[in-house]
Structures are given as C-alpha cells and as structure tokens.
Amino acid sequence: MADTPLLAAGTLPPSRPVTPAKGQPVPFRGGGFQPVPIRGVAILVFVLLIAALELGTRTGVISNLTMPPPSAIVETLWNLAASGRLWTHLYPSLTRLVIGAAIGTTLGIAIGTMIGLFSLARAGLVPLVSALFPIPKIALLPLFVIWFGIGESSKYALIAFGTFTPTVVATFGAVDNVDRTLIRMGQSFGLSWWSVVRKIVLPGAFPGILSGLRVSIAIGIILLVAAEMLGAEHGIGAYILEAGSLYDLERLFAGVTVLSVMGVTLSWLIGLLERRFLSWRS
Amino acid sequence: MDLVVDTLSHAYGNVTVLQDIDLTIPSGQIVCLVGPSGCGKSTLLRMIGGLERPTQGAVRLLGEPPRDSLNPLTFVFQHFALLPWRNVEDNIRLVLEDHRLPKAEVARIIDDVLARTRLTDFAKALPKQLSGGMKQRVAIARALAVRPACMLMDEPLSALDSQTRELLMEDLISLWTREPFTAVYVTHNLAEAVRLGHRVVVLSRRPGRVHDVVDIDIPLQDRHAGMPELEKTQAHLWELMRREAQVADMELIDG
C-alpha cells in the first residue's frame, strides 16, 4: 500500500508489561450528553401530578374555586361522551381542523417546493412569506370574518393561513437541504426534470416537510380554538368559552383535556407516518 | 466510440483552473487522471460528462455510441450517490425507469448487473445496511445497468478503507477482463492509477495542464500489488508530481 509509516520502527519506547495492581486507574470522563429513552417515567409523572391534585382538592388545600378535582373532570368527560354531546362538539372542530390544515399545508408544500426549485419564485416569494410569518394570525380573525363571513369559511381560512406559512418555510428549507450530489447523479443518468423532482427532490425533502407538519398542526389547533371562541355554536373552543363564562371549571378543564388529547393523537399519527415512511434514515 | 477533449480551458471568475487540455480516451481503455489536489481533475471529469460547461474548448464524441447504450457517459461518484430510501434493486431501477423498457427487460438487466457485481443476495437491502464497499458496488452495478459507452469514475475508491479498496480494485479488474469497458478514472492515489490505468495522465497543479502521459502495457489481469514494474512506474509518477503536490499543499484555497 502507498501509506508509509510516519515513524520508523524502534523510535517508540518499547512497551513494558506493568504490574496490574500499581498506578492510578485513568478516571472516566466520557459520560452524559446522551439521552436514552426511559419507559414508564412519563406515565409516572402524569399519575403523580393527578394524584397530588386530587388529594389537594379533596383535603381543601387547593380551593375548589381555582381547580376542580380530577375525578370530577373525568366524570364530566364521561357524561359528555355518554350523552353524545362530546361528538357534537368534536366533530365540527375536527372538520374545521382537517379542512383548514389540508388547504394550508397542501398550498404550503406546493409553494415551498416552487421556492426551492425556481430562483424567480424564491426571489419573489421569500420576502413575502417572511413578512407574513410573524403576523399573529389570530389578529386577522376579524378581517377574515369580514372577508369570508361568520360561517365556516372564515375558520377554514384562518387555520389554512396559519398552517400555510410554517409549511412553506419548512418545505423550502427541506428542498434546499436535499443532497445536491443525488440531484446531479439523477441528471447524469439522463433522468427527466420531472423524474428528478418526483423521485429525488420530494422524497429527499419529505423528512423536513413532516417535521414542519408537526409545528403546523399545533398552530392549527391553537387557531381552531381561537376561531371557535369568536363565533361558533358548536366546537371545543365554543364549549370551553361557554364553560368559562358560566364559571363551570369542570367543563372548562374537560374541554382543555380534549384539546390536549387531540394534539397528542395528531402528533402520534405523524410519528406513525415517520416510522412507516422514513425507516430508511439511519 | 472515442472521446476527445479538445483544447479545453476553464476559469472560475479570473482564476484559471484548467488550461489547454488535449486528451483522447480510446475505446475499451481505462484512462487515469492523476494530479495534486485542486488541479481540476474532478472538474475536468464533470465536463467530460456534461455536468459542467468549459469556458473554452469542448469535449467531443468521435463516432456513434453503441446503439444499445442507454446513457453513453455514466458517472460513478466518490460518495456513491445512492438514494437512501430505495433498496439496492430499486436504486438500479431508478436509472432504467425513464427509458420505457419492457418489465421483463428491466428485471433481466437488474439481475444481470447484480450478478456481475456479486450483489444478488442483497437486492432488497437498504443503503444504510451496506458497508462502504458494498455501496460502491451498487453504484457500479447501477452504472453498468445503462450499458455506458464510457464510465466516468470520480475517485470511486477514495471514501473506502484500504482493504476494501484493494478488494474493489480486484472486482473492477475482473469486470474489465470479462467485458472491457471504457473509463476515465480520476484518483489521487497513484497505486490505483498504476493498477487500473492503461494510460495515466498527470495533470499539473492549477492551472491544470497535461503534464505528462504514461502508458502502461502490462495487461490488467497480470498486475498485482507490489509488482516491481508497477512500483517503478508509480515512483516515476510520484517524481513527476512531488514538487507540484508540495506547492499545492502550501496554497491558500481561494488564492
């Protein structure tokens, strides 16, 4: 082989066997900075927290005016589900979220991909997106009510707009990060432009797009509740607002629990997608 | 089909990287391009394959490429360039998909190139499961699948450890012996150049010019590591490059 040793043999001190018991052991200093998953801890934290609240509210340490006992919240949730009223609130909320987020993320992925692929789109749209991104979308709700009416369309529009900007930013970042050597490889084998986009750019950008989707969905839920608080007969947001104005803490917390479960479920679904489609990542 | 590089020059801004390169790549031979780092050998290869445009001169094809060749000029990249989300078989399929071949034909080609690179058992493996040497064999199989008239190999063994490099070199030699192919092989490793090259082209440091051309007449299958004749040629090549490599090492990157 071409590699020649830098030192000729014999310039190193000969290695001597050392009697094992003598000398200090080298101290270990390479630990930490390596999070490992620990099973059961998450559940333990939940259980402890709920148990503490239950105990506090029952003994009166926590006033019933500030916090209902968790068991009462569970009971309220149970009654809500049994009477079917949970569904009358959950169904319109989920519909709004799904339709709004579908519009927003689809447009966002399309525009984001265009920004990633075409210099003209990038030059023209990136400043616009940067200008739109920091606007708190809730502030636009009155405007959307004027534009789209008090009905469903204004809620779809708000959620769509709120999920659109983070999706655009995540998508064009993901397209930018696709390995250029893979693209050149595709071109060098004579793949058509469309094949390069469909078979190399989009699958390569998919992990980044999915993690952008996590953010978008969370924003979508926030906006959903905000929109429903401003004008809706049914929906989790409306339910919480009503409970709040009646100072019905049990129902209020029941509503908040539903929202939290909704968020966790959606994030779990995205995790499922990731495991299914991104198993190729090392 | 022969390839001719015709008084090719290239500059990035006002830095000339390649100057008046004249080169012929005869059919059925492996031409190695060696030179100190930054002499523009990879740039030259990308120009031969049409991935970059020279500022002056041109690369020309003499004669028609073989009719059954799907992609006459085909690259093998240093870092393999495999799609991580496709398994071995589908990575090869990728370069056949745009050619509208009948299904049976595609399956036949894939089986054939997998057998030639001894990868048949790994057809369903994902790139992340493969070692570096295996990945490069997949990349070579993919290149063979389009029946190239000329393979353009950009330091194909540089990302591998020396044992794997030796094994893959033997693989390349046996591939060539069974069915001679034309190749331009860029490397900075002189041992590879003298093992694989019928002709070794030494480029000078920036601006890259053809410093010397050394032909090696020993048939590929008769060459082996540590052969005195090859050692001599390698020493000669190193003499040609030594001073230039020293100067190149001291240069600032964008100077």
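The values are calculated or read from the model by the stated rules, or taken from the named source; none is laboratory data. Predicted, not measured: the structure shown is a model, and the values here were computed from it. When we count neighbours, we look across all protein chains shown, and the Cβ atoms used for this are built from the backbone with ideal geometry, even at glycine. Heavy atoms of the whole protein, side chains included, go into the accessibility calculation; ligands, DNA and RNA do not. Shrake-Rupley method; radii C 1.70, N 1.55, O 1.52, S 1.80 Å.
Numbers at a glance
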quantity	calculated
Angle in degrees between helix A:85-117 and the longest Cα principal axis of chain A, rounded to the nearest 10	40
Two-site FRET efficiency, B:Arg178 against B:Ser158, from Cβ-Cβ distance with R₀ of 30 Å, rounded to 0.05	0.75
In Å², nearest 10: area of A:Met67 left accessible to a 1.4 Å probe	30
Crossing angle, helix B:88-97 versus chain B [Cα axis fit, 0-90 degrees, rounded to tens]	80
Selected from A:Ala238, A:Val26, A:Met114, residue furthest toward positive end of dipole (chain A; charges at beta carbon)	A:Val26
Cβ charges +1 (Lys, Arg) and -1 (Asp, Glu), total dipole of the protein assembly as shown, debye	860
Euclidean distance between Cα centres, segment B:198-215 to segment B:112-144, Å	32
Backbone N within segment B:27-45 under 19 Å of label point (7 Å from B:Leu61 Cα along the Cβ vector)	B:27-31, B:45
Most positive-pole-ward Cα, A:Leu141, A:Ser192, A:Ile270, against dipole of chain A from beta carbon charges	A:Ser192
Segment B:Ala123-B:Arg100, extension gain: residue separation times 0.36 nm, minus the distance between their alpha carbons	6.1 nm
Relative contact order computed over chain A (Cα-Cα under 8 Å; 6+ residues apart), in percent	20
Span from the segment A:33-57 Cα centroid across to the segment A:94-126 one, whole angstrom	39
A:Ser154, A:Ser71, ranked by accessible area, largest first (probe 1.4 Å)	A:Ser71, A:Ser154
When the convex hull of its Cα atoms is projected in every direction, mean area for segment B:2-254 (nm²)	14.1
Cα shape, chain A, gyration tensor, a/c 1.5 rule	oblate
Area accessible to solvent at B:Ser27, 1.4 Å probe radius, in Å²	70
Helix axis angle, A:41-59 relative to chain A longest principal axis, alpha carbon, degrees	30
Relative contact order (percent, whole number), segment B:2-254, Cα cutoff 8 Å, 6+ residue spacing	29
Accessible area that becomes buried as B packs against A, both chains, 1.4 Å probe, Å², nearest 100	2000
For the protein assembly as shown, convex hull volume per residue from C-alpha positions, Å³	266
Förster radius 35 Å - calculated FRET efficiency between A:Ile138 and A:Ser71 (Cβ-Cβ, nearest 0.05)	0.55
Positive-pole candidate from A:Ser216, B:Val76, B:Thr117, dipole of the protein assembly as shown, charges at beta carbon	A:Ser216
Gyration tensor verdict on segment A:12-145 (Cα atoms; rounded if a/c is under 1.5, prolate if a/b is larger than b/c, oblate otherwise)	oblate
With DNA, RNA and ligands ignored, accessible area of B:His211 (1.4 Å probe; Å², nearest 10)	90
Helical mean residue ellipticity (222 nm; -39500 (n - 2.57) per DSSP H run of 4+; nearest 500) of chain B	-11500 deg cm²/dmol
Inter-site label distance for A:Ala82 and A:Ala123 at 7 Å from Cα along Cβ, in nm	6.7
Residues of type lysines that A:Lys137 reaches as a straight line, Cα spacing below 20 Å, ignoring anything fewer than 8 places off in the same chain	A:Lys155
Of A:Lys199/B:Lys124; A:Lys199/B:Lys135; A:Lys199/B:Lys103; A:Lys199/B:Lys128; B:Lys135/B:Lys232, pairs whose Cα-Cα distance is over 22 Å	B:Lys135/B:Lys232
Total charge dipole magnitude, chain A, about the Cα centre, Cβ charges on Lys, Arg, Asp, Glu only, Debye to nearest 20	1100
